Amino acid sequence: MKNNKLCLLWQNKKSRKWYHVGNLTYEKEKYFFVYQVEQSERNVFEALENGYRLHPTFPDVHEKYESTILFGAFARRLPQKSRKDYRVTLKNLGITKESTDFEILSITGGTINSDNYEFIKPIERAERERARFKLNFY
């Protein structure tokens, strides 16, 4: 899988600012989650100063979490198969039966009404100066 990283963003509802609080990756049939501690602006530490609370599933900001299945905290963000429009929704998004949970999460963003998280694919700078981007919005 070429694009194996998703950035986890959190939005402060009062200021409307977005913070890059973590990264979910999928490598060699394993999922990994780490908090974003290295970038200088709007990382998890700045988010904590602005009202963010660490996710209870991932209580240590310096830990690298690993799982052979998508973490439950993120799996609940996938469209529910019990929805009447489940198949139509996935078809409209170009999601097939072969799509992995990681691919579905990357397409849908994993947003739910009960919190302020969203997954996005990182925008990677292309080698060419005048490169073009193709972005899909859910």
Problem - In the stretch 4-18, residue nearest to I112 (Cα to Cα) [restricted to those that are at pLDDT 95 or above and in contact with a Ser or Thr (Cβ under 7 Å, 6 or more places away or on another chain)] - result: L6
Practice task
Report yes if T89 is under 16 Å from W10 (Cβ atoms) and of a type in the set (S, T, Y), otherwise no.
Solution key: no
Handout entry: Test result for F71, over 12 Å from the mean Cα position of the chain (by Cα) and without any contact (Cβ under 8 Å) to a residue 60 or more places away in the chain
Key = no
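Results for (1) within 23 Å of I107 (Cα to Cα); (2) of a type in the set (A, V, I, L, M, F, W, C), shown as yes or no for each residue.
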| site | (1), (2) |
| --- | --- |
| K5 | yes, no |
| W10 | yes, yes |
| F32 | yes, yes |
| R53 | no, no |
| D60 | no, no |
Exercise for the section: Any residue in the stretch 91-118 that's free of Cβ contacts under 8 Å to residues at least 40 places away in the same chain: show its pairings with residues that are surrounded by 16 or more Cβ atoms within 10 Å (Cβ to Cβ) and of a type in the set (D, E) at Cβ separation under 7 Å, as long as the two are six or more apart or on different chains. Expected result: G109/E118; G110/E118; T111/E118
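The values are calculated or read from the model by the stated rules, or taken from the named source; none is laboratory data. This structure is a prediction, so every number in the text was calculated from the model and none was measured. In this analysis, Cβ positions are derived from the backbone assuming ideal geometry, glycine residues included, and neighbour counts consider all displayed protein chains.
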